[in-house]
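Encoded as structure tokens, the structure appears first; notes follow it.
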Amino acid sequence: MAPRGDTYSYVIGWLKLLLPLVALALLSTLFLVSRSNDPAPSIPFADPDNPDGPARQQILAPRYAGLTARGDQLILTADSAEPLSDDLQDVLAHQLDIDIDMSDGSRITLRSDRAVVSSGEQSADLEGKVRIESSTGYRIDTERLRTALDQIEAETLAPVSGEGPAGSFTAGKLTITPSETGEDVQLLFTEGVNLIYDPKDP
């Protein structure tokens with residue numbers, strides 16, 4: 001029977017040899033496992049309307065800001081958006097707001113339930129409940145409107161109704177375009193305009 005002191009020294013000697021080998025083996029295993037994982041795994045995007053169905057990509061609270069050639073500022077915001085093309089040139093935006101601050105100091109705001117925004121064509125096609133408001137006192141509703149994103153140019157693709165400084169009105173079409181001088185922006189109502197005049201108190 002080996003003395004107690006010799007057994008203790010024998011065990012300690014073996015542990016000094018085995019523990020570094022075990023540590024090395026563990027590190028090697030971790031390294032191999034980490035190399036086998038995808039360094040950039042795909043991120044799943046849940047579909048809130050169909051959580052058990054196939055996932056789709058969604059961008060939450062997107063925001064875009066830009067300037068027209070004449071210095072008008074456009075700011076686009078939405079609750080969410082989803083790509084319609086692999087290159088992200090076209091997206092479907094939900095609850096879209098477009099704020100247009102003109103260089104002359106006036107403002108036009110466009111709102112819609114949804115819109116197809118194309119960065120390639122620099123345009124947005126708004127549909128659903130579309131609301132147009134201007135700082136000059138107009139509030140206009142329509143079902144579809146197409147607007148450029150690189151200049152002040154928009155037109156409705158459905159009849160319009162609303163209220164303005166002169167009263168309530170309906171029209172077959174509204175066009176938003178700069179004036180001939182290019183200094184102001186004008187709202188042009190065409191195709192059967194009906195106005196109910198509402199005189200204001202002096």
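FYI, it's all coordinate maths here, none of it is from the lab. What you see is a predicted model, and the numbers here were worked out from it, not measured in a lab. Note that we place each Cβ from the backbone using ideal geometry, even for glycine, and neighbour counts take in every protein chain shown.
With the gyration tensor restricted to C-alpha atoms of region 90-149, the semi-axes of the equivalent ellipsoid amount to 20, 15, 8 Å, longest first. Sorting the segments 190-196, 124-130 by their mean number of nearby beta carbons within 10 angstrom, highest to lowest, gives 124-130, 190-196. When peptides 131-137, 110-116 are sorted by average Cβ neighbour count within 10 Å, with the highest value leading, the order is 110-116, 131-137.
In vacuo Debye scattering of region 150-200, one point per C-alpha: log10 I(q)/I(0) at q = 0.15, 0.19 Å⁻¹? So the normalised log intensities are -0.46, -0.69.
Debye calculation, C-alpha points only, no solvent: report log10 I(q)/I(0) for region 126-170 at q = 0.14, 0.31, 0.32 Å⁻¹, in the same order as the q values. Taken in order of the listed q values, log10 I(q)/I(0) reads -0.33, -1.13, -1.15. Here the Kirkwood formula puts the hydrodynamic radius of region 59-197 at 15.3 Å, using every distinct Cα pair.
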